[in-house]
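Readers should treat all values here as calculations from the given coordinates under stated rules, not as data from a laboratory. Since we're looking at a predicted model, the values are computed, not measured. Cβ sites come from the backbone with ideal geometry, for glycine too, and all protein chains shown count toward neighbours.
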Number of protein chains: 2
Amino acid sequence: MGEGVYVIGVGQTKFDRFDGTKGRPYIPVHKLGAEAILKAIQDAEKHGPFDRTKIDYSYCAIVFSGYMQGPGQLALRELGLLGRVPVENVKNACASGTGAVHEVCQDIAAGLYDIGLAFGMEQLSGRRGALPLGVGLDPEATLGMAMTAKYAMRARRHMFKYGTKIEQLAEVVVQSRDHASRNPYAMLRDKVSIEDVLSSRMIADPLTLFQCCPSNDGAAAVILASEKIAKEFENPIKIETSVLISGNYPSRPTEGGIESYESLARLMDILYKKSNLTPKDISFAEVHDAFSIGAIIAVECSKFCPKGEGGKFFEEGHTKIDGDKPINPSGGLLSCGHPLGATGVRQVVEAVWQLRRDPEIKDRQVKDAEIAVTETLGGGVTGMDVAAAGGIILSNRIKW
Amino acid sequence: MGEGVYVIGVGQTKFDRFDGTKGRPYIPVHKLGAEAILKAIQDAEKHGPFDRTKIDYSYCAIVFSGYMQGPGQLALRELGLLGRVPVENVKNACASGTGAVHEVCQDIAAGLYDIGLAFGMEQLSGRRGALPLGVGLDPEATLGMAMTAKYAMRARRHMFKYGTKIEQLAEVVVQSRDHASRNPYAMLRDKVSIEDVLSSRMIADPLTLFQCCPSNDGAAAVILASEKIAKEFENPIKIETSVLISGNYPSRPTEGGIESYESLARLMDILYKKSNLTPKDISFAEVHDAFSIGAIIAVECSKFCPKGEGGKFFEEGHTKIDGDKPINPSGGLLSCGHPLGATGVRQVVEAVWQLRRDPEIKDRQVKDAEIAVTETLGGGVTGMDVAAAGGIILSNRIKW
């Protein structure tokens, strides 16, 4: 226990709709997965002596998949790795990707093996009502308490309790699109104004269309290694800590009210404590902005600003790429889109590119970035909290 | 790495159809999961100082589930463990349950934590065509190459190549039902004759209805602990080794022909090698008999008998509870039914009961049982091999 864990290769596909309609190509989900893995392999090969057949174990995050297929297996088969690399398919709703990375991190930290692969992939385009699902087990969801409705209630409550303004909610999207305009892998890359956001179609008052992340398709992959292996690479990024918790999932609102997430606050506390870091130490964050209000709650739960001041924090621009606490330099879920299993892995890919000053992200480079945190929240159909929360802290402070 | 791992508590529900029709109760899948976990907790409490809130981590195996729910979370919530015990939901088709147990085993072996929970749960009743699924990605499955068809082809090939008789296939079922008649948790408990099996409805020639495992509902749970914790318990069972591999999943038949499983043979070789044991050392096995021919292939791949002689091996009775190599004392998938995520965990529950001479299984106790192996195969819709294979060797040879 306690061995160092490092990222030695990352890759992702464009996040978009690959459903074969409207002139878009159809790409099956396992081919997206294979593309991301191949890019991560090539990235590792570029920076050190890497042999793909030496990957010891892998986790594939995917929420929607053919039941009897091994979805991760189909991706590995594309690369000739099947029968060589074991794969465990994991899911924890929107936190699935972070979970996959976490599993590899803890395995390597424990000395189970030296090289692990975490990948996430998802194809949501063509599926209707992906987010409202959960119906059947839960009468609330069946009656319309879909994700959008719940986040709208969170937003209303936040506005009521703290005086958060709809313009502040809109500002989250304005910044997200500005960041995404510099990210070729993002789906929505047109810059927008507060006016544009507020005048887009109303989905669940006060959340307009632009304040809801698109459901789309994509994949991302991360190759992790023990210190022994990582030492032979040019620019490894260190995993400071990784955590996966189960949320409180009660039928009552969480403690502290629905305008917050008990689970996210708890997750961040554990991350800070385990890594011996404080909110001040974090250079930038990739947070779970499935809806505009999500980003506001995230900066509060991460203690980047006091509770209730998340709206102001965005309004004042601290969260821009050139601000003092950039949030979602990738454009986040709001602009990249949210192919469930892929999202948490994509966040880590972004963090790694940022921390190694990769040419890949030169237009959106966070200056002097040293420490990053990524987090996702999973589930939340039943009750007002989440099913799972996962987070990872990475840094480029390498001391061999 | 290399710490001892022990089972300190096991539990399972009855495997049956809990779908609310024909006078049967409706029990949602997470309540089945909770019931199995609670039984495992009570089992641990009975044999040592156990505090359920001290479970460090858990894996839940489930194949079919509400997408946005955390299925494992819903089970933990029933027991007040949510927000305390992290849960990773895993799936590898029919090998999901074995995978969940394996993940906990390797975590504890690596010293990641001291107490882990592996559970599996599934509700297939009411679902049509659970096994043929995979349609969409795979044209063969869409055209009717469902599991039953593939196993029928395996059986025909085995008969052609080795002279295996349909009466030998039927004998597998006769023994399965005889074992199940002593297992109150099994679904099909009436003893049958070779005649009964062969005259049951034809499903896919030569496989008649009784030669196909029923799709049903159920859950099973296993609590594992490090040596430090296990020492305080009365009758822990040792995990000798656990393995999860990805299968070869090609569009061509596997090497050696479709009458065998390259992946299962490979899995067993790894299990024997890692545990420093031979087929001779195994007292009994719980194998993946989704169809009668599956059990015959399994005893061959496990090297309990030479290749091609699996039919004769059953016919000669080696495989009966009082034989020299009992197979599926529980009744196996053919009689217990096969709620996908639960099956691999249930096999471990059976192995533990047998190895500790638990009163629970007094009518089907394998005499002098010391070492057991469990194995499941997952997937197999695409191509003629499987997506994943998992196996676990357990023993009651405890030396502190």
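Three semi-axes describe the equivalent ellipsoid of the protein assembly as shown; taken as square roots of 5 times the Cα gyration tensor eigenvalues and ordered largest first, they are 45, 26, 25 Å.
Put simply, the amide H of B:G11, placed in the peptide plane, has neighbours under 5 Å in B:A40, B:A221, leaving out anything fewer than 5 places away on its chain.
What does the structure give for B:200-209 when I average, per residue, the other chain Cβ atoms found within 10 Å of the residue Cβ? Mind dumping the intermediate values first?
Values: counts 0, 0, 0, 0, 0, 0, 0, 0, 0, 0.
Mean partner shielding for this stretch: 0.
When chain B is treated as a GNM with alpha-carbon contacts under 10 Å, the residue of B:G72, B:G390, B:G111 showing the greatest mean-square fluctuation is B:G111. Only the Cβ atoms of Lys and Arg (+1) and of Asp and Glu (-1) were treated as charged; on that basis the dipole of region B:258-395 about its Cα centre amounts to roughly 280 debye. The magnitude of the dipole of the protein assembly as shown, with charges of +1 and -1 set on the Cβ of Lys/Arg and Asp/Glu and taken from the Cα centre, is near 640 debye. 3J(HN,Hα) along region B:101-109: 5, 4, 4, 5, 4, 6, 5, 5, 4 Hz, from the Karplus curve 6.51 cos²θ - 1.76 cosθ + 1.60 with θ = phi - 60°, whole Hz, x for Gly and Pro.
Using a Gaussian network model of chain A in which every pair of alpha carbons under 10 angstrom is joined by a spring, one finds that among A:M153, A:M202, A:M268 the greatest mean-square fluctuation is at A:M202.
Per-residue 3J(HN,Hα) values for region A:288-300, derived from phi via the Karplus relation 6.51 cos²θ - 1.76 cosθ + 1.60 with θ = phi - 60°, read 7, 9, 4, 9, 3, 4, x, 5, 5, 5, 5, 5, 6 Hz in sequence order (x marks Gly and Pro).
Among rounded, prolate and oblate, which fits region A:6-78 when a ≥ b ≥ c are the square roots of the eigenvalues of its C-alpha gyration tensor, a/c under 1.5 means rounded, and a/b larger than b/c means prolate? The partial results should precede the final answer.
On the way: a/c = 2.65, a/b = 1.51, b/c = 1.75.
Taking the square roots of the gyration eigenvalues as a ≥ b ≥ c, region A:6-78 is oblate.
Taking amide H as placed 1.01 Å from N in the peptide plane, A:E240 has its amide H under 5 Å from the amide H of A:I393, A:L394, A:S395, each at least 5 places away in sequence or on another chain.
Per residue of peptide A:80-87, the mean number of Cβ atoms on other chains within 10 Å of the residue Cβ is 6. Within the same chain, aspartates and glutamates fewer than 8 places from B:K307 are excluded, and of the rest, those with a Cα less than 12 Å from its Cα are B:E259.
Counting Cβ atoms of other protein chains within 10 Å of each residue's Cβ and taking the mean over peptide A:101-113 gives 4.
Ranked by how many other Cβ atoms sit within 10 Å of their own Cβ, fewest first, the residues B:F15, B:F64, A:F291 fall in the order B:F64, A:F291, B:F15. Restricting the calculation to Cα atoms, chain A yields a radius of gyration followed by a Dmax of 19.4, 57 Å. Taking a cut-off of 17 Å, what percent of all Cα-Cα pairs in region A:246-338 are separated by more than that? Tail of the P(r) past 17 Å holds 50 percent of the pairs. Over all projection directions, the Cα-based convex hull of region B:333-400 averages an area of 6.1 nm². The Cα atoms of region B:271-394 give a gyration tensor whose axes a ≥ b ≥ c have a/c under 1.5, which makes the shape rounded. Basic side chains Lys and Arg get +1 at the Cβ, acidic Asp and Glu get -1 at the Cβ, and with that the dipole of chain B about its Cα centre reaches some 340 debye.
When the listed pairs B:K228/B:K399; B:K238/B:K274; A:K39/A:K274; B:K14/B:K150; A:K231/A:K367 are checked against a 21 Å cut-off, the alpha-carbon distance exceeds it for A:K39/A:K274; B:K14/B:K150; A:K231/A:K367.
Based on the alpha-carbon gyration tensor of region A:183-239 and its eigenvalue square roots a ≥ b ≥ c, which shape applies: rounded if a/c is under 1.5, prolate if not and a/b is larger than b/c, or oblate? Since a/c reaches 1.5 and a/b is larger than b/c, the shape of region A:183-239 is classed as prolate. The calculated FRET efficiency for B:K303 paired with A:K191, based on their beta-carbon distance and R0 = 45 Å, is about 0.10. Each peptide among A:20-30, B:31-41 gets the average number of other Cβ atoms lying within 10 Å of its residues, and from highest to lowest they stand as B:31-41, A:20-30. Test of understanding: extend the Cα→C-beta vector of A:K367 to 7 Å, then name every residue of region A:291-332 with backbone N under 20 Å from that spot. Taking a point 7 Å out along Cα→Cβ of A:K367, the residues of region A:291-332 whose backbone N falls under 20 Å are A:314-331. Backbone geometry of region B:215-226 corresponds, through the Karplus equation with coefficients 6.51, -1.76 and 1.60 at θ = phi - 60°, to 3J(HN,Hα) couplings of 7, 8, 10, x, 8, 8, 9, 9, 9, 10, 8, 6 Hz, x marking Gly and Pro. Within the protein assembly as shown, antiparallel bridges make up roughly 75 percent of the DSSP beta bridges whose residues both belong there. Looking only at B:Q347, B:Q211, B:Q42, which one moves most when chain B is put into a Gaussian network model with springs between Cα atoms under 10 Å? Looking only at B:Q347, B:Q211, B:Q42, the biggest GNM fluctuation is shown by B:Q42.
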